[in-house]
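What follows is a single structure, written as structure tokens, with notes after it.
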């Protein structure tokens, strides 16, 4: 009897909020207005319901957008209930997108500080930088997902894992990078598709120095970035057919591993890069593989293409003095004393580092028994 009474007294929830009192946030867009105030668009999931006793029902949009403006993110959040009639619940948030104007004018850590400190938002929420206003992108309809926020999340993940055109960075990833000894970082870049105003594309990377956006790495160089970061999941390598402008052959990258070995001698730094991978042939238009020598020649072309991708990206970063691949952090972990000597002018040192790239690719499959061209 005593045990039953104790159990009855101990049961119950510490929070008395009911589901109809909460609005579940799916995504957030943060922009800076001309007067410097924060403009926040909060996308909230709209529950669907049917009228009891009727055979048909009208399906409403799966989400609703609420716009608030204030001096700080917290005050903008506090204004959500006066429009929506519910308190925002942040534990299910999928994505945070920051407009480029805000990203270029304010330290990204200051912009996102509340989401990092508050107990509700998850630290694995994905981050993106928008070309132009972030809120404008949320006004588009999702292609296949239920909400635009979910569409952003899935598009970014797929672009990273299947096409190697962007990077999937979470809030905790950014915070850890910004707290390291070398803070240059990269975030996924999203923009309105110029060919269709109704859709958007996640491709390219926004590059940050000291928390402020400085440049954009184009989508064509992201594969090289992922190679240098040893974060390459899957992608395609193209090689041009000799004597043609448009004809290309392709090979799918099944696996790829890169090792970066910085060598410090006094105040001089050099970099050795070793890349190993496995491929399968996708398209053959001008190459004929009849012998082992033909196969080796084809693989060498792929190796040269991979080397050009990595070198092109590294040259791009060095020209802008952006160590977004984290080379400085590698030096610090292996030799803290050397880093203490180099860190004061690391950006200029990084720009001048000589490097040597060596690539070893193995052909796993030609897609057919003989690996010959169909033509």
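The values are calculated or read from the model by the stated rules, or taken from the named source; none is laboratory data. Only a predicted model underlies this, so the values are computations on that prediction, with no experimental measurement involved. Cβ coordinates were reconstructed from backbone atoms using ideal geometry, including for glycine residues, and neighbour counts include every protein chain displayed.
Restricted to the range 27-61, and to residues that are more than 24 Å from residue 110 (Cβ to Cβ) and under 25 Å from the mean Cα position of the chain (by Cα), which residue is modelled with the lowest pLDDT?
45
Taken together, the criteria place residue 155 among residues that are modelled with pLDDT under 95, over 24 Å from residue 33 (Cα atoms), assigned by TED's automatic domain parsing to the domain that holds residue 185 and surrounded by 20 or more Cβ atoms within 10 Å (Cβ to Cβ).
Filter the range 120-139 for residues that are part of a loop (DSSP other than H, G, I, E, B) and buried (at least 16 other Cβ atoms within 10 Å of the Cβ); which is nearest to the chain's Cα centre (by Cα)?
125
Within the range 92-104, can one find any residue that is at positive phi and touching a strand residue (DSSP E or B) at 6+ places or on another chain (Cβ under 9 Å)? No, the conditions are met nowhere in the range 92-104.
Determine whether the range 92-115 contains at least one residue that is in a loop (DSSP other than H, G, I, E, B), under 24 Å from residue 325 (Cβ atoms) and touching a helix residue (DSSP H, G or I) at 6+ places or on another chain (Cβ under 6 Å). No. Any residue at all in the range 250-273 that's under 19 Å from residue 356 (Cβ atoms) and assigned to a helix (DSSP H, G or I)? No, there is no match, as no residue in the range 250-273 is under 19 Å from residue 356 (Cβ atoms) and assigned to a helix (DSSP H, G or I). When residue 142 is tested against (1) outside any loop (DSSP other than H, G, I, E, B); (2) crowded, with 17+ Cβ neighbours inside 10 Å, only condition (1) is not met. Is one or more of the residues making up the range 347-356 within 26 Å of the chain's Cα centre (by Cα), modelled with pLDDT of 95 or more and under 16 Å from residue 226 (Cβ atoms)? No; the residues of the range 347-356 include none that is within 26 Å of the chain's Cα centre (by Cα), modelled with pLDDT of 95 or more and under 16 Å from residue 226 (Cβ atoms).
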